[in-house]
Amino acid sequence: MLKTDDIDKLKERFEACMVLSGVGDALGFRNGCWEFCYSGRQIHYELEDLGGIENISVQSLVECDDTTDKENLYRSLARHYVECMKDMNGRAPGETCLTSCRKLRPHKQHGYLIPFNEQGGGCGAAMRAMCIGLRFPRPQDLEDLIAVSVEAGRMTHHHPTGYLGSLAAALFTSYAIQGCPVRQWGKGLMDCLPKALMYVQSQGRYVEENERTWNYFKGQWARYLAERHISDGKSDPVFPDKYGIDERDQIYDSWSFAGWGGSSGHDAPMIAYDALLFAGNNWKELCHRAMFHHGASGSTGVMAGAWFGSMFGYNGVPDVNYKNLEYLHYLKKAGAELYRL
């Protein structure tokens, strides 16, 4: 039985997951100035001029209680995807998201299904999936987490590299809520991939195409976990002796699909995970590694912020970073509703 203090802390972690995901996205994006900057060092120079993370003021699934009714849940998700596209002016949504949302027909049965997309390996599905981990946070929820994260992901990114990023983001959020050691998360993801493939095969849609392109995501994550010496989920991570701003830019790009770290479904959660592995409960260090780097820094920041919040709440986060966040009230409300469910 959880004590009252423990319940209050858990509620805060659900809320902080949603709020700090918005903070991570806003910090990394910085109205496009940093999301599209080609130099992590330039970002850090500008951050210093602003007075550091302590002085940056950010302004920037709960409808369906019955998750056994997947058709209703998926159509609700699709409806909100379409609706949110009306609020994308100046927010630089990915072309895959934009194109795919135009194909969604949430008012029709199975209107959330789109065709397989050879170019659908971007990070957009991963960026929005952390709330799925809050909806299915327990080990016994794993089957639902896999199904919903895959289907929510392939509504816009119907390619394994894209929607498996959605699975990773949701799964790692559930691990954070459970209090699993971060070094175990990567192995947990690898253990989930065969289950996810079985689910995709069981649905009978574009199975051959999905099987053909499945191994890229798996192979990239296997390589990363070996590089950090955490393939077994038991060992402590090993980082390069020199792992500063410039080195991170180069390494993040080496993990990427096309030389822009964090832009794909496999490397956006990978960079966020790597940052959290190193930073632990140090918010400032996490921001330096996940939000302020060359590449898709908003994409990695949104996940790193969510996982930090899921683990530590607002501990160590300057309130100036989130008190003026756009849609703060709605993010808090969403966290509270997800906790209730």
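Here are the numbers for this structure:
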| read-out | value |
| --- | --- |
| Cα-Cα over 21 Å, subset of LYS11/LYS234; LYS195/LYS332; LYS187/LYS218; LYS11/LYS323; LYS9/LYS187; LYS195/LYS333 | LYS11/LYS234; LYS195/LYS332; LYS9/LYS187; LYS195/LYS333 |
| ILE7, ILE230, ILE251, ILE132 arranged by Cβ crowding within 10 Å, fewest neighbours leading | ILE7, ILE251, ILE230, ILE132 |
| 3J(HN,Hα) from dihedral phi, the range 180-190, Karplus parametrisation 6.51/-1.76/1.60, rounded to Hz, x for glycine, proline | 5, x, 4, 5, 8, 4, x, 5, x, 5, 4 |
| Burial ordering of THR156, THR96, fewest other beta-carbon atoms within 10 Å first | THR96, THR156 |
| Protection-proxy order for peptides 141-154, 109-122, 232-245, each taking the mean of Cβ atoms within 10 Å per residue, highest first | 141-154, 109-122, 232-245 |
| Using θ = phi - 60° and Karplus 6.51 cos²θ - 1.76 cosθ + 1.60, couplings along the range 112-124 (whole Hz; Gly, Pro as x) | 8, 8, 10, x, 4, 10, 4, 9, x, x, x, 8, x |
| For the range 244-261, 3J(HN,Hα) per residue [Karplus equation, 6.51 cos²θ - 1.76 cosθ + 1.60, θ = phi - 60°, Hz, x = Gly/Pro] | x, 4, 5, 5, 5, 4, 5, 5, 4, 5, 5, 7, 7, 7, 9, x, 9, x |
| MET311, MET303 arranged by Cβ crowding within 10 Å, fewest neighbours leading | MET311, MET303 |
| ARG102 paired with ARG212, simple spin-label distance in nm, labels 7 Å along Cα-to-beta-carbon | 2.5 nm |
| Straight-distance crosslink candidates among lysines, where the alpha carbon sits under 26 Å from LYS103 and sequence neighbours closer than 8 are dropped | LYS70, LYS86 |
| Euclidean distance of C-alpha centroids, the range 200-218 and the range 275-341, integer Å | 32 Å |
| Two-site FRET efficiency, TYR330 against MET198, from Cβ-Cβ distance with R₀ of 35 Å, rounded to 0.05 | 0.45 |
| Residues whose placed amide H lies under 5 Å from that of GLY122, excluding near-sequence neighbours | GLY265 |
| Diffusion constant of the range 242-341 at 4 °C, which comes from Stokes-Einstein with the Kirkwood Cα-pair radius and 1.567 mPa s, µm²/s | 91 µm²/s |
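Every number here is computed from the coordinates shown, using simple stated rules; none is lab data. None of the values given here were measured: they were computed from a predicted structure. Neighbour counts are summed over all protein chains in view; Cβ atoms, including those assigned to glycine, are modelled from backbone coordinates with ideal geometry.
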